[in-house]
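Engineer: Dropping a structure here in structure tokens format, bear with me for questions.
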Amino acid sequence: MDSFELNKISAAVIIGILLYLAVDMAAESIYHVEELEKSAYVVEGLDTDTAEVVEVVVVEGPSLSELMATASADRGARVFRRCQACHNDASGAPNKVGPNLWGIMGHDRGAAEGFGYSAAFQGAGGTWSFENMDEYLASPAKAIPGNKMSFAGLRKEGERADIMAYMNSMSDAPISLP
Ligand code: HEC
């Protein structure tokens, strides 16, 4: 092996080392993560080293009874305009594309007289409570899979609370708040 060839080999080795260092430094500058000294969310009485902490923080929000305590039937009446293409809500008014919703809170589910419910709805059973109505209005398709109400849902929990306060007022027998 002559010295020219040896030079080539050592040059290759040096270039290799330099490349490695360059990539390492670049990665470090992109992915540098500072360890937190303390957990960002501290919940009393919980081991802060567990994933449990994050979960607890995510699910905390106003409860349904807190939401209903500040809900407004007047605001709900405005939200209900989005439902009126398919639903009447006056006493004795006819069904439209969807069933009449007079007195719906506390009523048996899927039981408006003369309305042809989907099989999914007929199997739903139970009565309408604030809890299951909240779930249904958030996402009709998820709450009762296969039901034929073509409505994406009300994403805002405050709007759902307002509309439930309104629907509860459109009744001979409003049910008590949760
Ligand atoms: C595009 C038409 C349409 C719109 C808009 C719509 N619905 Fe419906 N809704 C239906 C249909 C159809 C059903 C019956 C579903 C079935 O039989 O599967 C239904 C069923 C319901 C029921 C169950 C009634 C019962 O007798 O148990 C409730 C409650 C309800 N809708 C509330 C609402 C509210 C509140 C809104 C507005 C936020 C709304 N709907 C918007 C078509 C609609």
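The values are calculated or read from the model by the stated rules, or taken from the named source; none is laboratory data. For clarity, every value in this text was computed on a predicted model and none was experimentally measured. With ligands, DNA and RNA removed, areas are computed over all heavy atoms of the protein, side chains included. Shrake-Rupley method; radii C 1.70, N 1.55, O 1.52, S 1.80 Å.
Engineer: Search the structure for amide H atoms under 5 Å from the amide H of THR127, placed 1.01 Å from N in the peptide plane, and list their residues when 5 or more places away or on another chain.
Structural biologist: ARG109
Engineer: No solvent, one uniform scatterer per C-alpha: report log10 I(q)/I(0) for the range 80-178 via the Debye equation at q = 0.16 1/Å, two decimals.
Structural biologist: -0.63
Engineer: Further question on the same structure: Please report, as a whole percent, how much of the solvent-accessible surface of the range 124-173 comes from carbon and sulfur atoms (probe radius 1.4 Å). It would help to have the intermediate numbers written out before the result.
Structural biologist: Values: 1300 of 2510 Å².
Carbon and sulfur atoms account for 52 percent of the accessible area of the range 124-173.
Engineer: Next up: Rounded to the nearest 10 Å², what accessible area does VAL97 have for a 1.4 Å probe in the complete protein model?
Structural biologist: Here the residue's solvent-accessible area equals roughly 110 Å².
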